[in-house]
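Comments concern the structure below.
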Amino acid sequence: MSRTRTTAIGAVTVTLALAATACGGGSATGEGSNDSPKTLTYWASNQGPDIPADKKILTPELKKFEKQTGIKVKLEVVPWSDLLNRILTATTSGQGPDVLNIGNTWSSSLQATGALLPWDEKNFAKIGGKDRFVPAALDSAGAEGEDPAAVPLYSMAYALYYNKKMFREAGISEPPATWDQLVADGKKLSKGGKWALGAEGANLSNNIHQIFVLAKQHGADWFTADGKPDFTSPGAVAAVKQYVDFMAKDKIVAPGNAEYAQNQSLSDFSKGKTAMVLWQAAASTFESQGMKDSDWGVAPVPVASGAPGHGKNTNSMVAGINMAVFKNTDNLDGATKFVKFMTSDAEQKILCKAYGSIPPVKAAQQDQSFDKPELKVLRDTLAKSAAPLPRVPDESQFETAVGTAVKNLFASAADGKDISTAAVKAELAKAEQQMNKQ
Amino acid sequence: MTTTLDRVPGPGAEAASANPAGRPRRRRPGRLRKSALPYLLLLPAVFFELLVHLVPIVIGIFMSFKKLTQFFIRDWGNAPWAGWDNYSIALDFDAPAGQALLHSFLITCAFTVLSVGLCWLIGTAAAIYLQEAFRGRGVLRALFLVPYALPVYTAVITWVFMFQHDNGLVNHVLHDQLGITDAPSFWLIGDNSFVALLTVSVWKGWPFAFLIVMAGLQNIPRDMYEASWLDGATMPQQIRHITLPSLRPVNQVLVLVLFLWTFNDFNTPFVMFGKAAPESANLISMHIYQSSFATWNFGTGSAMSVLLLLFLLLVTGLYLLYTSRGRRAADA
């Protein structure tokens, strides 16, 4: 009896603990082929207000492609919260789509996995050549000095969106061009339950986009030339402090924004609760939330000198979506054709118009429909004063580590704590150590 | 991670009900008894057990000895061997990674003890109160089970809305209406997030305790209560000397299951806090997720998983050993 029981206990123990910690895996490293030339699977990122909207925009275009080539494209729109994990899983298992959208900031990290088809001269030739694309957009498609891992599909840049009525009521005649003006205007705007600036304090990627640009303005980069993390340089610390201080010291960001991660700051803007947001291509969201185009204005993101440009006058990251092909696709020719179709001048105009983004294809950019004031600002920013996020394999880890550090600092600021330079530096040092553990 | 937990009560529950009617077990004589039939019948189950659990776990253990970063995930069989490196990173408590793991482990321990304790206490109290027949008892029983029946995501996201700083119901009640707090509190970031997480966990977990204890209570003969009542026992005495000892076998299983569920809970913190949980609510499963998925270092993540597995094996083994000894002593 005793032995049976001991055995039983052993068995139960093992089963329980195993059940509790199961994990998994798989592997596939096949190279591309043309075994199934009639179908493609396409993972699109969520670009419209919601997933059904994306399907509605993309389906007619995919039908057009099918008519032209006879290739049927199976579409899946993947929400942003799942996309990177889905791609990682597909990379590990080899069970993925043929063609997919990636956030352009992930390009270098995903390139390092070797799962994506490199776009060398030969492949670019198949879609009309490298020269068709805006250089800044191409820069954000992979690590420096390597063939891009993807092709730019939609481009975006950051701009300052402001509520015209709130500005008028506060007696402010034009949008701020420098940070000092922004803070001064902000203090006029932040009263009576209303606030000057919106932030997404708990959204890691958004934090990164903001502090990346601010660090540029302080003359700092987040990685050294040989790709090592460098998070605690004086410029980096000053940049993060400046961003968090909008809430902690200047008090022009509502403390509640510290927990925002689902674009609540855009809803606040649409409801007239905040007067400004720093955002990329926000027009369609404002419209879907019931704001008229005449209610808001758009201006370049401020820089200290007031004149955006390169280097310390950078005022946006190169934001956007790239299109990549999984190396082990079983319809390599079809996938290339599909990329060619999606980046053709005609499709670029249709798709970018629908999504409110800027075409990374030069010829398509010249279309009149991109001459609206908002898109003009975004286009100019992209062409003249935007820089790609660090083009290193560790970029994705950087977003998580430093994005979390900024989130934590916002949490402290919201709690009423003073954010000292030392506190910022300590938080960033912690983030840097996380990167080094590999 | 939670897919197979329904199997958990199996063996323990069998021991718990311990053949109450005392029916003698009859075995059919003949060749069948000695044959392999029982084993053959078990075979499919064993096969799927291997497939679903053991194989992935073995792969996980294998991965924990690899240097599995983004450079190798596509062909992870060929990732370089890391030896014990991943383990030494995880267990070096002087370095940041080890410190963070230890911190997360301690948070998880505190969280688990509080959550399991409160779930058990509330569940048992509710079950005992609902033992007496009264009008509306059925409705109440059904109502109490609602949190357990709701899909986790729906339930937790509702809590997230309630815990919001600006428009949340919790702040509205605590601050606007009752005036208990001076200013609206943050529940989803900062130190309060531990309390928020605990609240949701207990809210979600206690109905299970209630359900199991309620089932256990049905097995206690009513004449024991009547006899004790005649001897002048008060209700607290009855609970202490009749109810709780009779529930012992049920509680043993219940606490173990709650412990494993709570210790490993991933869904609740993930839905509440997203990829980066606040430090005060950084449960170990979240921490492992972050160490593998967010930083793309699957080797270290696997090593941490294996350590977690070993810890849970140890605790579960000791617990079962201890409780079964106790039971044997009580039987004797």
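No value in this document is a laboratory result; all are computed from the given coordinates. Because the structure is a prediction, the values reported are computed rather than measured. No Cβ is skipped: glycine too gets one built from the backbone with ideal geometry, and neighbour counts run over all protein chains shown.
Some notes on this structure:
- In chain B, the calculated helix contribution to ellipticity at 222 nm averages -19500 deg cm²/dmol per residue, counting -39,500 (n - 2.57) for every DSSP H run with n ≥ 4.
- Length-normalised contact order of chain A in % [C-alpha pairs under 8 Å, at least 6 apart]: 26 percent
- Computed from point charges on the beta carbon alone (+1 for Lys and Arg, -1 for Asp and Glu), the dipole magnitude for region B:100-296 about its Cα centre is near 480 Debye.
- Taking region B:100-296 and dividing mean pair separation by its residue count, relative contact order in percent (alpha carbons under 8 Å, at least six apart): 34 percent
- Annotation: amide H-H contacts under 5 Å for A:Ser316 (H modelled 1.01 Å from N, sequence separation of 5 or more, or interchain): A:Ala387.
- Look at the Cα gyration tensor of chain B: its axes a ≥ b ≥ c give a/c of at least 1.5 with a/b at or below b/c, and that counts as oblate.
- Estimated 222 nm signal from helices in chain A, with DSSP H stretches of n ≥ 4 weighted -39500 (n - 2.57), rounded to 500: -14000 deg cm²/dmol
- Only Cα pairs under 8 Å and 6+ residues apart enter the sum, and on that basis the relative contact order of chain B stands at 26 percent.
- Projecting the Cα atoms of A:Trp296, A:Gly334, A:Ile350 onto the charge dipole of region A:282-371, computed from C-beta unit charges around the Cα centre, puts A:Gly334 farthest toward the positive end.
- For region A:294-438: rounded, prolate or oblate by the Cα gyration tensor [a/c cutoff 1.5]: oblate
- Taken one residue at a time, the phi angles of region A:104-119 give Karplus couplings (6.51, -1.76, 1.60, θ = phi - 60°) of 5, 6, 7, 3, 5, 5, 6, 4, 5, 6, x, 8, 9, 5, x, 9 Hz. Gly and Pro are set to x.
- Taking Lys and Arg as +1 and Asp and Glu as -1, the other residues whose beta-carbon sits under 10 Å from that of A:Ser36 total -2.
- Between the alpha-carbon centres of region A:141-202 and region A:62-78 there is a gap of 37 Å.
- Whole-Å distance, taken between Cα centres, linking region A:332-366 and region B:159-192: 47 Å
- Share antiparallel - DSSP beta bridges, chain A, percent rounded to 5: 60 percent
- Amide H within-cut-off set for B:Lys66, under 5 Å, with H built and near neighbours excluded: B:Ala82
- When the pairs A:Lys126/A:Lys327; A:Lys194/A:Lys249; A:Lys407/A:Lys430; A:Lys63/A:Lys353; A:Lys64/A:Lys122; A:Lys74/A:Lys327 are compared against a 21 Å limit on Cα-Cα distance, A:Lys64/A:Lys122 fall above it.
- Computed across chain A, the Kirkwood hydrodynamic radius from all distinct Cα-Cα pairs reaches 23.1 Å.
- Under the Karplus curve 6.51 cos²θ - 1.76 cosθ + 1.60, θ = phi - 60°, whole-Hz ³J(HN,Hα) for region A:150-166, x wherever Gly or Pro sits: 7, 10, x, 10, 10, 10, 8, 9, 7, 9, 9, 9, 9, 8, 4, 5, 5
- Summed residue charge, Cβ within 9 Å of B:Leu130's Cβ, Lys/Arg positive, Asp/Glu negative: +1
- Order of A:Thr329, B:Thr199 under a 10 Å beta carbon neighbour criterion, fewest first: B:Thr199, A:Thr329
- For region A:187-195, 3J(HN,Hα) per residue [Karplus equation, 6.51 cos²θ - 1.76 cosθ + 1.60, θ = phi - 60°, Hz, x = Gly/Pro]: 5, 5, 7, 7, 7, x, x, 10, 10
- Ranked by how many other Cβ atoms sit within 10 Å of their own Cβ, fewest first, the residues B:Ile89, B:Ile242 fall in the order B:Ile242, B:Ile89.
- Order of A:Phe231, B:Phe47, A:Phe370 under a 10 Å beta carbon neighbour criterion, fewest first: B:Phe47, A:Phe370, A:Phe231
- Counting only DSSP beta bridges with both residues in the protein assembly as shown, the antiparallel share comes to about 60 percent.
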